[in-house]
Amino acid sequence: MKNKIGWCNLTWNPAVGCRGNCEYCYAREMNKRFGFIKDWIIPEWKESNFNKKFPNKSQKIFIGSMSDIRFWEEDWIKRTFKRIKGYPQHTFQFLTKYPYIYHRLEFPAKTWLGFTVTENKDLANGILHIKKLRDFSLNGKYLYFTSIEPILEKINPLDLIFLDWVILGAETGRRKDRVIPKKDWIESIVKFCQDNNIPVYLKDSLKNIYPEEIKEFPETELKLF
């Protein structure tokens, strides 16, 4: 596992906006500040973003920090997948709050498929879909991860055993009702991951709660079940 500064090298946002409209959404707040689109819950395709030039050197590229692929139009998905296939040197990372979408789409090989967790019910639901994907996908086709961010309650880490990578972070911003994680919430996940050789990445938002810096990345060889 290699230690690096960020959990991805680049972000790529061909679309902006999300119908999920979560109360803690940092992307929605960024849109309020910068006005990327007029109505946040009506996603829009951004042609200029789509045509963003990629570097020649291998990079980890996170797709959709300002949207969720669950709400993309079919043509947007087709165009995005086609462009991904033209850059086999890069690692493309997806993240959704709706992991069932991974069953409905044929993602390009070697992409990283992640799902967001804020509470235990999210993890249980996501793992059901990841188990199915592992059962029916070719060995090594995808890497599966979760982003537990913002963590809103103590998570039972047992189901993390089915994943290749765990990202963990607290809610940022100044929302009045935001939840401040407890140290033992972080400790239990870190310990489980370390005991089971699962790389874990702690975001800087946890520094005041869990001062140890842990920024691990998965190997390219994936787990077999």
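The values are calculated or read from the model by the stated rules, or taken from the named source; none is laboratory data. Note that the structure is a prediction, hence the values are computed from the model and not measured. Ligands, DNA and RNA are stripped out before the accessible areas are found, and what is left, the full protein with its side chains, is counted by its heavy atoms. Shrake-Rupley method; radii C 1.70, N 1.55, O 1.52, S 1.80 Å.
What the table shows:
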| quantity | calculated |
| --- | --- |
| Placed amide H near residue 92: partners under 5 Å, 5+ positions off or other chain | 61, 112 |
| Accessible area per residue in Å² at 1.4 Å probe, computed on the range 95-225 | 51 |
| Residue-wise HN-Hα coupling along the range 77-92, computed from phi with Karplus coefficients 6.51, -1.76, 1.60 (Hz; x: Gly, Pro) | 5, 4, 5, 5, 4, 4, 5, 4, 4, x, 10, x, 6, 9, 9, 9 |
| The range 43-98, relative contact order [Cα under 8 Å, separation at least 6], % | 52 |
| Computed Kirkwood radius, in angstrom, where 1/r is averaged over Cα pairs of the range 1-107 | 14.7 |
| Amide H contacts of residue 214 (H built 1.01 Å from N, under 5 Å, at least 5 apart or other chain) | 202 |
| Karplus-derived 3J(HN,Hα), 6.51/-1.76/1.60, for each residue of the range 28-38, Hz, glycine and proline x | 4, 5, 5, 5, 4, 6, 10, x, 5, 9, 6 |
| 17 Å tail of the calculated P(r), the range 93-225, as % of Cα pairs | 56 |
| Difference of contour (0.36 nm per residue) and Cα-Cα distance, residue 87 to residue 41 | 13.5 nm |
| Residue-span extension gain [residue 53 to residue 128] - 0.36 nm each, minus C-alpha spacing | 23.4 nm |
| Rounded to the nearest 10 Å², the accessible area of residue 134 at probe 1.4 Å | 40 |
| Cα pair distances of the range 64-149 binned at 5 Å [whole percent] | 3, 13, 26, 26, 20, 10, 2, 0 |
| Area of residue 217 that stays accessible when all protein chains are in place (1.4 Å probe, Å², to 10) | 10 |
| Computed over the range 70-124: relative contact order in percent, which uses C-alpha pairs under 8 Å that are six or more apart | 35 |
| Percent carbon-and-sulfur accessible area, the chain, ignoring ligands, DNA and RNA, probe 1.4 Å | 50 |
